[in-house]
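See structure below.
What follows draws every value from the coordinates through simple rules; no lab data is involved. As the structure is a prediction and not an experimental result, all values here were calculated from the model. Please note: Cβ atoms are built from the backbone with ideal geometry, for glycine as well, and neighbour counts cover all protein chains shown.
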Amino acid sequence: MSDYDEQTAFLRRMLLCDGSLESKDMHDRIARVQRERACVWKAMWTVIAIVLGCTALSQLDLFQSEPGIPLRFIWVVALAGAICLLAFGGVLVAYRARLNSLRDQCRQLIANVVESTLSMQRLSPSVDHHESLPPDR
């Protein structure tokens, strides 16, 4: 797991400490973006495997002897795969930007929660623990 993913997981755990609806919504939005990003990565690896397979097939002697429709089909599939890889790369950049934005919003939300908790603690009267002890005889 990368540092980026560890930091995101930490932020998500921090959100769970606050029981507000806003924190739950933020947690769910981050989880959704991470799931969608993982799906794009899986699709990207699948396309890479297809493109590598097409490239390997195009190098076989079977297709070199008679350049016909099978070889053209393989190259069309490989070209389509390369175009898909570029598109998936763009989608991954967009998801990374979206996740960065959500992480910034998450940090701000956590800072607000901590700040309000600290201000509530400062405003509440402190408990004097010495008053609860019985007097010495």
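Here are the numbers for this structure:
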| read-out | value |
| --- | --- |
| Estimated inter-spin distance, Val76 and Ala97, nm [label 7 Å along Cα→Cβ] | 3.4 |
| Full-stretch length increase - Val40, Arg107 - with 0.36 nm per residue and alpha-carbon distance subtracted | 21.5 nm |
| Footprinting exposure proxy for Lys24, Lys42 (fewest neighbouring C-beta atoms within 10 Å first) | Lys42, Lys24 |
| FRET efficiency, Leu16 to Ile50 (Cβ-Cβ, R0 41 Å, nearest 0.05) | 0.55 |
| Whole-Hz couplings from phi, Karplus 6.51/-1.76/1.60, listed for the range 42-48; x for Gly and Pro | 5, 5, 5, 5, 5, 5, 4 |
| Percentage relative contact order, the range 22-120, counting C-alpha pairs under 8 Å, at least six apart | 39 |
| Where only alpha carbons of the range 22-120 are counted, the Rg and the Dmax (Å) | 22.5, 81 |
| Karplus 3J(HN,Hα) series, Hz, for the range 115-124 with 6.51 cos²θ - 1.76 cosθ + 1.60 (x for Gly, Pro) | 4, 5, 5, 5, 5, 5, 5, 5, 7, 6 |
